[in-house]
Amino acid sequence: KGLIACDLVGFHLQRYCNNFIECVQRTFGEKSADGPNFPRVEPFPISIDVEEMDRMSRSAGVMQRIRQMEKDYNLHGKTIGCGVERLDYTKGIPERLESLEILFEMYPKYCGNFTFLQVCSPSRGEIAEYKAVKERVVELTERINKKFGTRGWKPLIVFHQKVLFETILAMYRMADLAIVSPLVDGMNLVAKEFIAAQVDERGVLVLSQFAGAARALKNVIICNPYERDTFANCIKEALDMEKDKKMEMICLARKELRSHTVFDWVQQFLKAATETASKKS
C-alpha cells in the first residue's frame, strides 16, 4: 500500500517492475494496476561513480597495499582471483568454493600457480542461516587448502573480517579474474567496482546469470553457480584466456560502464520524477 501510494516507483530491472505489478494485481485484484492514480513503474539500474573508483585504484596507497599483500601471502608471480561479499547465503560463496575445488581436481596445473582471495565480511552473525554459511565456508576452506596446499602456497585465502576499501581495491587491481556468483541478486555493484578498478586492463569477470548486473554487462563470462562443473569450466576459461582477449573484454566492459554511471542513474530517476510531477499538476 505504501509503494502504490507513490507517484513513481523504480526498480533495478524490468523483471522486478513486472513482478511488482503482478504482486499488486494478486493482492488487490487484476484491475488494481490500471487506474490513473497507479504509480509510474520503471527500471532504473543503479551504477557506481566510475571515475572516482578509477582514481582511487591508481593511488599510492593501493599500490603500496598490493606490494604488501604480495609479500604477506606469497602472491608474487601467481595468478590471482578474487571475490568480495558479505557473508550472506544469497551470495553463493560455498558454491564458488566447491567449484574451485573441482577446478583444482580436474586441472592440477593450477595447483601452486593460482590463488583465490575471498573477502567474507561479517553479516547478521546472530541468525542461524548466516552462522551455517560461515561454518560451511570455513569447512570448505580448510578442506581445499589441506587437499591441495603446500608449505609455500595456499589455493584459498579467506578474510572473515571487515576489510579496508583500500585493500579491496588492491585485490581488484591484482586480480586476473574476479568471481561474482550470487544465487540471486538485485544488481551487485561489486561486479561494476571490479571493472572500474581494472585500470591495468588485464582482468576478466566471471558473473552469475542470476545477478542483475548480468543484464547490463556484456563483456564478461556468464556462469550458473548451481552447476558446479560448468562453473569450474567458466573459471578455467577465464584463467586460460589469451592476454589480448582479456584486455579487449575488460576495455569494452569499462567503456560500457562509463556509459551508465551513478550520476546517469540519478539524472534518469529525477527526469522521470519531474515528468511525472508535471503530468499531475
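Across the chain, where is the longest run that never hits GluC sites (Glu not before Pro) in a DSSP loop with at most 12 other C-beta atoms within 10 Å?
Details: sites that count: GLU126, GLU242.
Result, exposed sites excluded: 1-125.
Over the Cα atoms of segment 167-281, the radius of gyration divided by the Kirkwood radius equals 1.08; this is the Rg/Rh ratio. The candidate values are [x] 38, 22, 17; [y] 32, 21, 19; [z] 50, 23, 18; the one derived from this structure for semi-axes √(5λ) of the Cα gyration tensor in Å carries the label [x]. Legend note: in the chain, cysteines whose Cβ sits 4.7 Å or more from every other cysteine Cβ are CYS6, CYS17, CYS23, CYS82, CYS111, CYS120, CYS251. Please give me the summed charge of the neighbours of VAL119: other residues whose Cβ is under 10 Å from its Cβ, Lys and Arg +1, Asp and Glu -1. My count for the surroundings of VAL119 gives +1.
Put a dot 7 Å past the Cα of ARG258, heading toward its Cβ, do the same for ASN145, and the two dots end up 4.0 nm apart.
When the C-alpha to C-alpha distance is required to be over 30 Å, the pairs from LYS91/LYS271; LYS71/LYS236; LYS71/LYS192; LYS218/LYS280 that qualify are LYS91/LYS271; LYS218/LYS280.
For the chain, with all protein chains in place and a probe radius of 1.4 Å, 53% of the accessible heavy-atom surface sits on carbon or sulfur.
Maximal additional length on extending the SER32-SER278 stretch stands at 86.2 nm, based on 0.36 nm per residue less the C-alpha distance. With 0.36 nm allotted per residue and the present C-alpha distance subtracted, the VAL266-ASP240 stretch has 5.5 nm of extension available. Here HIS76 sits with roughly 140 square angstrom of accessible surface, probe radius 1.4 Å.
When the alpha carbon coordinates of segment 66-216 are projected onto the principal axes, the ranges are 37, 35, 30 Å, largest first. Using 0.36 nm per residue and subtracting the Cα-Cα separation, the extra length available between HIS76 and GLU42 on full extension is 7.5 nm.
Note: relative contact order over the chain, using C-alpha pairs below 8 Å and six or more positions apart, is 22 percent. Among LYS255, LYS31, LYS147, which one moves the most in a GNM of the chain with springs linking Cα atoms closer than 10 Å? Of the options given, LYS31 has the highest mean-square fluctuation.
Rolling a 1.4 Å probe over the heavy atoms of the protein chains gives segment 106-174 an accessible area of 54 Å² per residue. Working from Cα pairs under 8 Å separated by at least six residues, relative contact order for segment 134-281 is 18 percent.
The values are calculated or read from the model by the stated rules, or taken from the named source; none is laboratory data. Quick caveat, the model's predicted, so the values are computed rather than measured. With ideal geometry, Cβ positions are generated from the backbone for all residues, glycine too; neighbour counts draw on all protein chains shown. For accessibility, only protein heavy atoms count, side chains too; no ligands or nucleic acids. Shrake-Rupley method; radii C 1.70, N 1.55, O 1.52, S 1.80 Å.
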